[in-house]
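See structure below.
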Amino acid sequence: MRLNAQVQYLPLTISLKFEEFVDSDIPPLFIIRSILGSNLHDICCIARRNICQQCEHNYACIYAQVFDTIIDKENHVVRGRERAPHPFTISVEDWNKPVLNSLTFTIVLFGNAIEYAAYILGAFQRGQDRGYGKRRVPYSLVSVTSAGKELLASQEDFSFQQSVQVWKPSVSLQDNQYVGSVLLKLKSPLRFKEKGSYTDTFTPYSILTCFQRRMETLCLLYGLVQERIEIQPQFEVAVQNIVWRDYPHYSARQRTRMYLGGVMGDLELVGELSAYQLDLFSFCELFQAGKNTSFGFGKLSVWRRFQQRGGVV
């Protein structure tokens, strides 16, 4: 059975130039997320003394929708939870690369966050003078591109409507099984719970569960998906060269320094894979996987080498 799902998205690659070298033990995307959150809150919030969860304006507030992502506890997607996955992800190509005097990252917006793209860009523009990191190093927003096209004609001229794309299952894959291997490179920490605990090892079933949960949740909240497909892995994890890594983070909500972690490295899957499973890999390559994707976690790349019965794909 083929997957019937889709979601609109807007990928923005943003380049910053710092006025001096920056150095921090905190991953740069943690700081980028903080810049986005604090400045978006200042732009949008009209009731500063209210807590978002209890604020009467939260369903109409751009900050609450994008950054707090409050939903009804009786929702049918993430039952019993009052917060949904944020409608954006952030990522860098090289998680371990030091920032030094510049930083290029990608933020992918989906759902209603696409409508608020100008506000999100405005948050990064507002942060230029407020600065980056603990030392508040000023920066310049020098470029905003999507699919290689520059969208920022000036600081006041930002046009993105023509850059919105739609993810759908691949039309090139037929509804049958493929034999071969898939290499998953976990380029930033993948943080995933199995049976209530974070895991640093994966089985075929847990890998597919992680990716299916991500795809179904985002498509149900921000796109569409029909007919849940049962997971039936017929491959093995032949190589599992991964390690758990923790990174320091200051939580403004809990007002304490804490650590966030996940697994990085390589996984090689060998055996039979369905078109549905390959679509899951494709989805998570674009929208990331696991928890804390708004911190840059769950970035992965996929290499495929497989054969359809009767020909090479």
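The values are calculated or read from the model by the stated rules, or taken from the named source; none is laboratory data. Note that the structure is predicted; figures quoted are calculated from it, not measured. Cβ atoms come from the backbone with ideal geometry, glycine included; neighbour counts cover every protein chain shown. Accessible surface is based on the protein model in full, side chains and every heavy atom, while ligands, DNA and RNA are left aside. Shrake-Rupley method; radii C 1.70, N 1.55, O 1.52, S 1.80 Å.
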Fill in the blank from the handout: Within segment 73-92, of all residues that are over 18 Å from the mean Cα position of the chain (by Cα) and either among the acidic types (Asp, Glu) or modelled with pLDDT of 85 or more (or both), the one farthest from residue 189 (Cα to Cα) is 74
Exercise for the section: From the list 272, 236, pick out the single residue that is part of a strand (DSSP E or B), more than 29 Å from residue 33 (Cβ to Cβ) and modelled with pLDDT of 95 or more. Expected result: 236
Practice task
For segment 214-228, state whether one or more residues are surrounded by fewer than 17 Cβ atoms within 10 Å (Cβ to Cβ) and over 25 Å from residue 69 (Cβ atoms).
Solution key: yes
Fill in the blank from the handout: Given the conditions (1) touching a strand residue (DSSP E or B) at 6+ places or on another chain (Cβ under 9 Å); (2) among the small types (Gly, Ala, Ser); (3) free of Cβ contacts under 8 Å to residues at least 60 places away in the same chain, every one holds for residue 47 apart from (1)
Completion exercise
Picking from 297, 283, 202, 306, the residue that is at pLDDT 95 or above, out of contact with any Lys or Arg (no Cβ under 6 Å at 6 or more places or on another chain) and at negative phi would be 283
Exercise for the section: Check 108, 99 and return the single one that is modelled with pLDDT of 95 or more and touching a Pro at 6+ places or on another chain (Cβ under 6 Å). Expected result: 108
Completion exercise
Exactly one of 243, 239 is β-branched (Val, Ile, Thr), farther than 28 Å from residue 178 by Cβ and surrounded by fewer than 16 Cβ atoms within 10 Å (Cβ to Cβ), and that residue is 243
Exercise for the section: Go through segment 1-21 and give me each residue that's at pLDDT below 90 and either assigned to a strand (DSSP E or B) or surrounded by fewer than 19 Cβ atoms within 10 Å (Cβ to Cβ) (or both). Expected result: 1, 2, 4, 5
Practice task
Answer yes if at least one residue in segment 53-72 is open to solvent by less than 20 Å² (accessible area, probe 1.4 Å), in contact with a strand residue (DSSP E or B) (Cβ under 9 Å, 6 or more places away or on another chain), within 27 Å of residue 188 (Cβ to Cβ) and in a strand (DSSP E or B), and no otherwise.
Solution key: yes
Problem - Set 289, 275: member being open to solvent by less than 20 Å² (accessible area, probe 1.4 Å) and under 17 Å from residue 84 (Cα atoms) - result: 289
Problem - Residue match in segment 198-205 (condition: open to solvent by less than 50 Å² (accessible area, probe 1.4 Å) and part of a helix (DSSP H, G or I)) - result: yes
Fill in the blank from the handout: Of the listed residues (228, 213, 257), the one being assigned to a helix (DSSP H, G or I) and without any contact (Cβ under 8 Å) to a residue 24 or more places away in the chain is 213
Handout entry: Residue selected from segment 169-196 under the condition within 17 Å of the chain's Cα centre (by Cα) and open to solvent by 40 Å² or more (accessible area, probe 1.4 Å), by the criterion nearest to residue 89 (Cα to Cα)
Key = 187
Handout entry: Pick from segment 246-269, criterion of a type in the set (A, V, I, L, M) and more than 18 Å from residue 176 (Cα to Cα), ranking: modelled with the lowest pLDDT
Key = 252
Practice task
Out of the residues in segment 131-142 that are at negative phi and in contact with a Lys or Arg (Cβ under 9 Å, 6 or more places away or on another chain), state the one that is most open to solvent (accessible area, probe 1.4 Å).
Solution key: 142
